[in-house]
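Input: a single structure, listed below in structure tokens.
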Amino acid sequence: MAKRWAVAATDALKADGLRIGELDTSGRPGFTGDKKAGTELLAERALVLSDLQEKLYANGRSGDKRGVLLVLQGMDTAGKGGIVRHVIGSVDPQGVDHAAFGVPTPEEKRHHFLWRIRKALPRAGQLGVFDRSHYEDVLVVRVHNLVPPTVWEPRYDEINAFERELVGEGITLVKVALFISLDEQKKRLSERLNRPDKYWKFSAADIDERAFWPDYQEAYQAIVDRTSTELAPWYVLPADHKWYSRLAVTELLIDAFERLQLDWPPAKFDVEEQKRRLAQA
């Protein structure tokens, strides 16, 4: 186990039996070090993750159909973008398929809610990243009554079936829900309003959504209770400390890659013959 993790991230963060309303968003489950130790370890583990991701990409180029999909869910300012930049940014971008899901377009609304999700699934050998995901269709639509319960209620079972299908096709799912406190979100929104380089990140709707905080917690609890499965478990991350959540996601991804037992694909040519040809060229 990597230094400073007293309990593996996969064990410390699994959502089994968790009550989201009781979550300490400033906590650091499983990790015994401070910010300095966590930042140093993140730099070390990023190299491990990069090597594993390159092996997946190489195997994909050689016919391996497997892939890894990181699903990031969380309220605005929870740190999804920072994870994409600081964790996914440490690997080879040509091996990454990234998709961010906002409000559905008119075309997307004319299709089944999983239609746009299927179009964005990672290709063979790729690390896929979903910034928000199919879970928006049992979160926002539920909280804001965009469709009746008779529409969103069956979606939990549809999502479970969909994810079983993905696992059966060789995609390893890493589902991460990031949670911050109301006070921490207010601090991060304030930073966006006080820094010109952050204005582009700010949306007035982020303030409006704060009034629905308890409703979102209830909706997230339903997600954890109904869609955290053995094949596709949820990991719940306290995210008040950005350094911790980035380190934790790195560890979760490393675990997912290591379970694939990847190695470099063998040469499909005679190595010694090509060495001789190169020496004579």
field: Selection from GLN94, VAL147, TYR216, by position along the positive dipole direction of the chain (Cβ)
entry: GLN94
message: Only four residue types carry charge here, +1 at the Cβ of Lys and Arg and -1 at the Cβ of Asp and Glu. Report the dipole size of the chain about the Cα centre in Debye, rounded to the nearest 20.
response: 760 debye
- prompt: Considering the chain as a Gaussian network with a 10 Å cut-off on Cα pairs, which listed residue, LEU23, LEU13, LEU69, attains the greatest mean-square fluctuation?
  reply: LEU23
query: Could you give the accessible area per residue of region 1-53, probe 1.4 Å, as a whole number in Å²?
result: 56 Å²
- prompt: Running Debye on region 1-131 with equal point scatterers at the Cα sites and no solvent, what base-10 log of I(q)/I(0) appears at q = 0.09, 0.11, 0.16 Å⁻¹?
  reply: -0.35, -0.52, -1.04
- prompt: In a shell of Cβ-Cβ distance under 9 Å around ILE159, excluding ILE159 itself, what net charge do Lys and Arg (+1) and Asp and Glu (-1) give?
  reply: -2
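State in Å² the accessible area per residue of region 63-137; use a 1.4 Å probe, count heavy atoms of protein chains only, and round to the nearest integer. Each step should come with its number before you reach the end.
Numbers: 3200 Å² over 75 residues.
Each residue of region 63-137 exposes 43 Å² on average to a 1.4 Å probe.
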- prompt: Which one of ALA37, ILE20, ALA9 has its Cα pushed farthest toward the positive end of the charge dipole of region 1-48, where Lys and Arg give +1 and Asp and Glu give -1 at the Cβ?
  reply: ALA37
- request: Go through LEU278, PHE179, ASN160 and say which Cα lies farthest out towards the positive end of the charge dipole of the chain; charges sit on Cβ, +1 for Lys and Arg, -1 for Asp and Glu.
  value: LEU278
message: Looking at the chain only, what percent of DSSP beta bridges run antiparallel? Nearest 5 please.
response: 10 percent
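Using a 1.4 angstrom probe on the protein heavy atoms only, line up ASP16, ASP270 by accessible area, largest first.
Details: ASP16 115, ASP270 80 Å².
Sorted by accessible area, descending: ASP16, ASP270.
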Calculated from backbone phi, Karplus (6.51, -1.76, 1.60) coupling profile of region 50-58 in Hz, x at Gly/Pro: 4, 5, 5, 5, 5, 5, 4, 4, 5
field: Loop sites in region 202-281: chymotrypsin sites (Phe, Trp or Tyr not before Pro), DSSP, at most 14 other Cβ within 10 Å
entry: PHE269
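Work through the residues other than LEU41 whose Cβ is under 13 Å from its Cβ and net out their charges, Lys, Arg +1 and Asp, Glu -1. If you can, show how the numbers build up before the last one.
Numbers: positive: LYS3, ARG4, ARG28, LYS35, LYS36, ARG45, ARG246; negative: ASP34, GLU40, GLU44, GLU251.
Every neighbour counted, the sum reads +3.
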- request: Between the alpha-carbon centers of region 1-32 and region 107-127, tell me the distance in whole angstrom.
  value: 31 Å
query: What is the Cα centroid distance between region 138-166 and region 33-73, reported in whole angstrom?
result: 30 Å
task: Over 24 Å between C-alpha atoms is what I'm after, so list which of LYS3/LYS35; LYS36/LYS187; LYS65/LYS109; LYS35/LYS80 land there.
output: LYS65/LYS109
query: Can you list the HN-Hα couplings for region 175-189, worked out from phi with the Karplus curve (6.51, -1.76, 1.60; θ = phi - 60°), rounded to whole Hz and with x for Gly and Pro?
result: 9, 10, 10, 9, 10, 10, 7, 4, 5, 5, 5, 4, 4, 6, 5
task: Collect residues whose amide H, placed 1.01 Å from N in the peptide plane, falls under 5 Å from the amide H of GLY128; neighbours closer than 5 in sequence don't count.
output: VAL68, LEU69, LEU70, ASP97
Linear extension gain, ASP157 paired with TRP213, 0.36 nm per residue minus alpha-carbon span: 17.7 nm
- line: Taking placed amide H atoms and a strict 5 Å upper bound, the residues 5 or more places from ILE171 or on another chain that come that close are GLY67
statement: What the 5 Å binned alpha carbon P(r) of the chain shows, as percent of pairs per bin from 0, is 1, 5, 11, 15, 17, 17, 13, 8, 4, 2, 2, 1, 1, 0, 0
- request: Quick one: accessible surface of HIS98, probe radius 1.4 Å, all protein chains present, in square angstrom to the nearest 10.
  value: 100 Å²
task: For the chain, give the percent of accessible area contributed by carbon and sulfur heavy atoms, probe 1.4 Å, rounded to a whole number.
output: 50 percent
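The values are calculated or read from the model by the stated rules, or taken from the named source; none is laboratory data. In this text, all values refer to a predicted model and were calculated from it rather than measured experimentally. Neighbour counts run over all protein chains shown; Cβ positions are idealised from the backbone, glycine included. Please note that ligands, DNA and RNA were not included when accessible areas were found on the heavy atoms of the full protein model with its side chains. Shrake-Rupley method; radii C 1.70, N 1.55, O 1.52, S 1.80 Å.
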